[in-house]
Ligand SMILES: Cc1ncc(COP(=O)(O)O)c(C=O)c1O
């Protein structure tokens, strides 16, 4: 797909910055982690962006993620690797949340993106940048969805892809990764073991490591969730954002979007409380928050949840995630796998919205937070449905069998 190229295409990146030490790095070459081993953040001339584009410019552009190109480190718009990253809709949960007296519970449905998940945003940008800097081979550890997106965008960019995923990753996603032509490896461990395999293989294989926050561009792609949300809500951010947090790229990216928009004067100082949602079976951020820490002290073990997106024992960006929680006056929350499964079924049945387990986990956590009085039913909440529900197994159904050869007992249906 050809991305729109308007007349205002300029790159406003000034440099990259170590998220821990603040050390600067030049923007004109490919980067991994900083010298301190920490994630790098891309910095921009925000005044320059403000001079190049306005809210009105945005309103007139095609509804895709590249409409935000001035806010992204894209150096060559013609080189964008795109599979059609549409603006994702906001869908109100009128029935299920309405029954709880809450009128403003909104799902941002990221399942509409290429490869059916929000991972498309990060990978579209990471692969675009990698291609720009001449990368021919990428590697990614994944809970599933990031690998599918990496495989698809690598295919679109003509790159070789190696993907490492825990052996119990949902079958639909595993097959999707292989179907896009990636070399797929099922690993008898978790995502951190997959990440280790990628990291240690770099010198031999010469691949570009696309692990969460190991490179600086996935976070910028995910930042578009925050930019998009702000625009969709008329530049008034919601009171709460519930986000299923594994590596935390979207969580950190959205906060960065709000910071940049505020610095440019496009939004005011009112920000949402950011809620990082995890599981009692893998909740390193919840544990750190409850202990008042600014980092994850030790990797979570044993991991006991079937909600794949949050099975990250110790995120590389732990300090950045904690910073967002504290700065936003937010918190970390959790809900059980059972509560998530129940929420997923309830919302599918009552609202017609098919959440992925991670999205359903957020709704279940919000519901418990409401019951506990941690949040208010009058607050506007946005729940991130990070993937298409169809990618995860659904409960088996017995259904009913009809014999089409005989008469149908309609009254008995
Ligand atoms: C469906 C889904 N939701 C949430 C996450 C967690 O995303 P992040 O790494 O941005 O915290 C993942 C990551 O694998 C995922 O696949």
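Coordinate-derived values only; no laboratory data. These figures come from a predicted structure and were not determined experimentally. In this analysis, Cβ positions are derived from the backbone assuming ideal geometry, glycine residues included, and neighbour counts consider all displayed protein chains.
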Item checked: Whole-angstrom Cα spans of region 118-209 along principal axes, big to small -> 34, 28, 20
Next item on the list: Using only alpha carbons, build the gyration tensor for the chain and give me the equivalent ellipsoid semi-axes, biggest first, whole Å.
Entry: 32, 26, 23
Next item on the list: Bin width 5 Å, alpha-carbon pairs only: give the P(r) of region 73-115 as whole percents, running from 0 to the bin holding the largest distance.
Entry: 5, 20, 15, 14, 13, 11, 8, 6, 6, 3
Item checked: Over region 13-79, relative contact order from alpha-carbon pairs under 8 Å, at least 6 apart, % -> 29
Margin query: Suppose only helical runs count, i.e. DSSP H with n ≥ 4. What mean residue ellipticity at 222 nm does that imply for the chain under -39500 (n - 2.57) per run, divided by all residues and rounded to the nearest 500 deg cm²/dmol?
Written below: -10500 deg cm²/dmol
Note to self: Working only with C-alpha atoms, what are the Rg and Dmax values of region 42-144, expressed in angstrom?
What the structure shows: 17.3, 54
Margin query: Cut-off 10 angstrom, C-alpha nodes, Gaussian network model of the chain. Which of 373, 206, 79 fluctuates the most?
Written below: 373
Notebook entry, point to check: Just for region 118-209, what percent of DSSP beta bridges are antiparallel, to the closest 5?
Noted result: 0
Next item on the list: Under a 10 Å cutoff between Cα atoms, tell me which one of 326, 217, 242 has the largest fluctuation in the Gaussian network model of the chain.
Entry: 326
Checklist line | Gap separating the Cα centres of region 322-373 and region 226-302, nearest whole Å | finding: 14
Note to self: Quick check on the chain: of the DSSP beta bridges with both residues there, what percent are antiparallel, nearest 5%?
What the structure shows: 30
Margin query: How high is the relative contact order of the chain? Use alpha-carbon pairs under 8 Å, at least six apart in sequence, and give a whole percent.
Written below: 16
Note to self: Can you sort 208, 295 from fewest to most other Cβ atoms within 10 Å of each residue's own Cβ?
What the structure shows: 295, 208
Notebook entry, point to check: For the peptides 332-345, 45-58, what is the packing order when you average, over each peptide's residues, the other Cβ atoms within 10 Å and list the highest mean first?
Noted result: 332-345, 45-58
Next item on the list: Sort the following peptides by mean Cβ neighbour count (other Cβ atoms within 10 Å, averaged over residues), highest first: 94-105, 62-73, 358-369, 188-199.
Entry: 358-369, 62-73, 188-199, 94-105
Note to self: Suppose we look only past 15 Å in the calculated P(r) of region 257-348. What percent of the Cα-Cα pairs does that tail hold?
What the structure shows: 64
Notebook entry, point to check: How large is the convex hull of the Cα atoms of region 13-79 per residue, expressed in Å³ as a whole number?
Noted result: 107
Check: In whole Å, what are the Cα extents of region 369-413 along the three principal axes, biggest one first?
Finding: 57, 27, 17
Note to self: For region 269-413, place one equal point scatterer on every Cα, skip the solvent, and apply the Debye formula. What is log10 of I(q)/I(0) at q = 0.13, 0.17, 0.18, 0.20 Å⁻¹?
What the structure shows: -0.64, -0.98, -1.08, -1.27
